[in-house]
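Data first, discussion second: the structure below is written as structure tokens.
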Amino acid sequence: MEPIFTPALHKQRHQFVIDFVKRNRPRKVVDLGCGECSLLKKLKFHREVEVLVGVDIDGAKLKKCMHGLAPIPTDYLQPTYDQLHIELYQGSVTQNDPRLRGFHLVTSIELIEHLTLPDVERFSEVVFGYMIPAEVIISTPNSEYNPLLPGLRGFRHSDHKFEWTRAEFQSWAVKVSSEYGYEVEFTGVGEAPPGQQERVGYCSQIAVFHRLRGRDGCNILFADDAEDLLSYTLLYTVNYPSLHDNNILRRVLVSEVIYWTEKLKRRWREVRTEERDESIVWCQTAAEGDECFRSSECGAEINRLMEHCGRYMAENQEEEVFGTKGQGKQESCRLQSRCVSIPLAVLWTSCPKVSALSGNLSNLRHLLTTDPEVKLSQDGSSLLVDLQEQDLEEEGDHDLEDSGYTEVSQCSYSAAQEEDWEPNV
Ligand code: SAM
């Protein structure tokens, strides 16, 4: 039946909800009679939605489809600040469950016609009298359109208990609205052929209910919740990774910091080699296919970090950092210059993603302090990067367990210095 519409009628119904969500930005949405979760699977991509719940009486159907709601690898690899929590319940819309209260939007797409008329009454009490959402979208077949559907005899589906005309649907919806303090408007999807729209209306009729001001669902919500039974069975729940979760934020930040320190190390080794034989360095870099260090933004940022580190070490009268005098140095000098101390303030200003993720300098320090993969100076003001690790390995020095981190604590920025940076960043 539905292929006579382009896009297919079920897609038009879901698109109607999605357009509504884009316009009205509800944060908590529940889809009653969610079936194969196809609407939920579309809604999960809408960043305004933070809580998405599906309810269906058919638990087997939910179990079959629920994994399609799970996060995909990109959600873990590149988490954003968006938050999304999804739950699926097996249960009947004729029963109350306190977990479904306090939602901004309830949708019920092609569900009510599967209920007996007494159950439609019960459904009305549950949705409008108990859940009390701010907005409700209900769609159901418009029986006036049926004569236009090729080959149809009787109802559109064998499980339908009724199919209403526009007048029947509107009379039910207006009654419910006045009883429970809502206002309602009518529309639909699946237009009739030219010239017949007014006579038969839309193929799927839709009512959009808005809770009237002054009807405060929240007060009622807390009054009797404690006594309410949890009548639905939770089948599936998932939290999408979000940078609002401190553990995830720390993991992403640390990977970014490690990324920059690795770049810095490579660049430092390049500079050293460059000074020995400049032509070889660029050949190696090109062979690795890494254009980054030569000219791109990333290279500029690394060079900025290198400059800061070099300047810093010079100011502290260390052996020069980047190794031009590395040949034949005494062991004590080598140990001192093995590690470079990068003030967190420098890292914060030089690495855009690091600053975006941490927000401010003290937060950056706080997030890095407890991470075992990152070494900070004793006062926590600087990141310690062991630049010579690889060289020493190459030279057969296996005593690298504490390679230089303790030796350079003397050369880190003081906490007081770091605080001076803060107003500038
Ligand atoms: N809303 C979905 C959509 O738009 O694709 C599916 C609609 S399907 C035609 C009707 C769904 O309502 C079925 O999945 C059915 O299991 C569910 N259903 C029927 N009676 C129910 C009840 N009392 N409580 C909850 N779900 C019910």
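The values are calculated or read from the model by the stated rules, or taken from the named source; none is laboratory data. Values in this document were obtained by computation on a predicted structure and should not be read as measured data. Please note: Cβ atoms are built from the backbone with ideal geometry, for glycine as well, and neighbour counts cover all protein chains shown. Please note that ligands, DNA and RNA were not included when accessible areas were found on the heavy atoms of the full protein model with its side chains. Shrake-Rupley method; radii C 1.70, N 1.55, O 1.52, S 1.80 Å.
Data overview
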item: Leading residue by the ranking (surrounded by the fewest Cβ atoms within 10 Å (Cβ to Cβ)) among those in the range 110-169 that are farther than 17 Å from Arg13 by Cβ and of a type in the set (Lys, Arg); result: Arg153
item: Residue pairs meeting the criteria (Cβ under 9 Å; at least 6 apart or on separate chains; first outside any helix (DSSP H, G or I), in the range 243-266; second open to solvent by 30 Å² or more (accessible area, probe 1.4 Å)); result: Leu243/Thr80; Leu243/Tyr81; Leu243/Asp82; His244/Tyr81; His244/Asp82; His244/Gln83; Asp245/Gln83; Asp245/Asn239
item: Selection within the range 164-196 - hydroxyl-bearing (Ser, Thr, Tyr) and either farther than 17 Å from Glu113 by Cα or under 38 Å from the mean Cα position of the chain (by Cα) (or both); result: Ser177, Ser178, Tyr180, Tyr182, Thr187
item: Enumerated strands (runs of 3 or more DSSP E) restricted to the range 18-94, each holding at least 2 residues that are closer than 11 Å to Leu235 by Cα and within 10 Å of the ligand (Cβ to nearest atom); result: 51-56, 85-90
item: Sole exception among (1) assigned to a helix (DSSP H, G or I); (2) within 16 Å of the ligand (Cβ to nearest atom) for Phe155, by number; result: (1)
